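This is the structure I have questions about; it appears just below.
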Amino acid sequence: MGRELGRSTPVGENARVPHPQSDAWFDRARAVTPGGVNSPVRAFTAVGGTPRFMESGHGAWLRDVDGNEYVDLVCSWGPMLLGHAHPEVLGAVGEAIARGTSYGTPTTTEVELAEEIVARTPVEKVRLVSSGTEATMSAIRLARGFTGRELVVKFAGCYHGHVDSLLAQAGSGLATFGVPGTPGVPAASTAATLVLPYNDRGAVEAAFAEHGTRIACLITEASPGNMGVVPPEPGFNAFLASTCRAHGALFVSDEVMTGFRVSRRGQWGRDGAVEGWTPDLMTFGKVMGGGFPAAAFGGRADVMARLSPEGPVYQAGTLSGNPIATAAGLATLRLATDAVYARVDEVAATISEAATKALTAAGVPHVLQANGNMFSVFFTEATAVPDYATAATQDTEAFKAFFHAMLDRGVYLPPSAFEAWFCSSAHDDRAVQHVLDALPAAAEAAGAVR
Ligand SMILES: Cc1ncc(COP(=O)(O)O)c(C=O)c1O
């Protein structure tokens, strides 16, 4: 619980919380920054209204520049597993900062963070970078360099950062090549990317049957959270791993979002460790940076040995393994005990069950999907959401009404219907109750737009 946060005044029915300071800052921001934000989803484009400019966060709570307080169910899009301003993480960061901020040399904390990652996951060697995008971009380059092949397979609805070749949309049929998902990406960048429907074994088999000898790697979110939470069907990741192996392609499991969040050992701890398979390469980010820019890719020692300076595949970074970021990440991972995961799981279960109960009571068609402590609510008439095409059937107007009703009641949800909700171990009973109290009216608001 925060020092001064967590005392939000209850907001009355349909009240709109004033936010003149956020309005003013948004105007200033738009004058100097495209859309007023440094990452698109923050702009509230999908839900309308003014994005809140946050000035502080403590525990489960955020406070905006107008002094409004919110229980945070975004957690910086995943990293804040322990909540905001955790005293021991701040302590580790403070000690590191007092010694200096960046040296461009090896440091001991980098080694300790890498050891922590190797201890929790099946990767044998790891390279630290500064963002999840860098991690996936570098993993793809390494997979291509290792195999001497060019094609990459990905799934529609899986997001791996803004890497040119991975910003591909599905082509016109099964096992056809991707087309750029955004202007600015050359057709040549996505022409070597096959985009398949998620959870579709037949599509994977067809793609490998036709192009198997040319496929460098298949990259997948270990359990997708970027189209809302769409867990792999049982055995799907094992199937992907064995299909890749059979065709001499590398299996790249992107755990930027799930790594060290859905369990101590990430999604791999929930399937691979149990079923007895390992990815060839893995990518990490978010939680392992403890709220700072740190990410990583790693995997089989023989594959990682192809990386510069040991091998010929080039990869580098001025701030890679930054001492402040690695101190925050190391402190976070060391504090992420079984008790922490048990609490996050419990909070997620309580909030997700209450959300579906409130929406059911208000007659709002929806599907709740969860993968451990990551969950999301799809505002759809479908009975299950196995892939992006089904996720896209959502009633985004209903979500919009729901989102704003929650925001007005002091609960900060992801400002898009296609995102996971994130909790932290700092979500204490009072914070959880605050969310539960807000849900019925928000569900009514969603029901009213139908
Ligand atoms: C699964 C996954 N991979 C990669 C990324 C990209 O990470 P970053 O935003 O740090 O570049 C994200 C970001 O949300 C992600 O969820």
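The values are calculated or read from the model by the stated rules, or taken from the named source; none is laboratory data. What you see is a predicted model; the values in this text were computed from it and never measured. Note that each Cβ is placed from the backbone with ideal geometry, even for glycine, and that neighbours are counted across all protein chains shown. These accessible areas exclude ligands, DNA and RNA; they are computed on the full protein's heavy atoms, side chains included. Shrake-Rupley method; radii C 1.70, N 1.55, O 1.52, S 1.80 Å.
So in segment 255-271, with the set limited to residues that are of a type in the set (D, E, K, R) and open to solvent by 10 Å² or more (accessible area, probe 1.4 Å), which one is nearest to Val118 (Cα to Cα)?
Restricting attention to segment 255-271, the residues satisfying the condition of being of a type in the set (D, E, K, R) are 255, 261, 264-265, 270-271.
Next, only the ones that are open to solvent by 10 Å² or more (accessible area, probe 1.4 Å) stay: 264-265, 270-271.
Details: Arg264: 12, Arg265: 10, Arg270: 17, Asp271: 17 Å.
Selected residue: Arg265.
Condition check: at pLDDT below 95, surrounded by fewer than 17 Cβ atoms within 10 Å (Cβ to Cβ) and more than 22 Å from Gln315 (Cα to Cα). Does Gly178 satisfy that?
Taking the combined requirement at face value, the residue does not satisfy it.
Which helices (runs of 4 or more DSSP H) does segment 353-450 wholly contain that include 3 or more residues that are open to solvent by less than 40 Å² (accessible area, probe 1.4 Å)? Quick ask: steps written out before the conclusion?
Numbers: elements: 388-391, 396-408, 429-448.
The qualifying helices (runs of 4 or more DSSP H) are 396-408, 429-448.
Looking at segment 206-244, which of the residues that are open to solvent by 10 Å² or more (accessible area, probe 1.4 Å) and in contact (Cβ under 8 Å) with a residue 60 or more places away in the chain is farthest from the ligand (Cβ to nearest atom)?
Restricting to residues being open to solvent by 10 Å² or more (accessible area, probe 1.4 Å) and in contact (Cβ under 8 Å) with a residue 60 or more places away in the chain, the top hit is Thr213.
Would you call Ala203 crowded, with 19+ Cβ neighbours inside 10 Å, aliphatic (A, V, I, L, M) and away from the ligand (no atom under 16 Å from the Cβ)? Quick ask: steps written out before the conclusion?
On the way: crowded, with 19+ Cβ neighbours inside 10 Å: yes; aliphatic (A, V, I, L, M): yes; away from the ligand (no atom under 16 Å from the Cβ): yes.
So Ala203 passes the test.
Select, from Ser308, Ser320, the only residue that is surrounded by fewer than 24 Cβ atoms within 10 Å (Cβ to Cβ) and within 15 Å of the ligand (Cβ to nearest atom).
Residue meeting the stated conditions: Ser320.
Can you name every residue in segment 137-175 that is more than 18 Å from Glu210 (Cβ to Cβ) and open to solvent by 50 Å² or more (accessible area, probe 1.4 Å)?
The answer is Met137, Arg141, Arg144, Phe146, Gly148, Tyr159, His162, Asp164, Gln169.
Yes or no: segment 245-262 includes at least one residue that is free of Cβ contacts under 8 Å to residues at least 60 places away in the same chain and in a helix (DSSP H, G or I).
Checked against the condition, which is being free of Cβ contacts under 8 Å to residues at least 60 places away in the same chain and in a helix (DSSP H, G or I), segment 245-262 yields at least one hit.
On the basis of being more than 16 Å from the ligand (Cβ to nearest atom), in contact with a Cys (Cβ under 8 Å, 6 or more places away or on another chain) and farther than 22 Å from Lys286 by Cβ, does Thr190 make the cut?
When the stated conditions are applied, Thr190 does not pass them.
Can you pull out the residues in segment 26-85 that are acidic (Asp, Glu) and open to solvent by 50 Å² or more (accessible area, probe 1.4 Å)?
Of everything in segment 26-85, those that are acidic (Asp, Glu) and open to solvent by 50 Å² or more (accessible area, probe 1.4 Å) turn out to be Asp27, Glu55.
Tell me the strands (runs of 3 or more DSSP E) entirely within segment 44-142 that contain at least 2 residues that are within 16 Å of the ligand (Cβ to nearest atom), out of contact with any Lys or Arg (no Cβ under 7 Å at 6 or more places or on another chain) and over 25 Å from Ile351 (Cβ atoms).
The strands (runs of 3 or more DSSP E) meeting that bar are 125-129.
Follow-up question, since we're still on this one. Take the residues in segment 272-283 that are under 20 Å from Val230 (Cβ atoms) and surrounded by 21 or more Cβ atoms within 10 Å (Cβ to Cβ); name whichever of them is nearest to the ligand (Cβ to nearest atom).
Result: Thr283.
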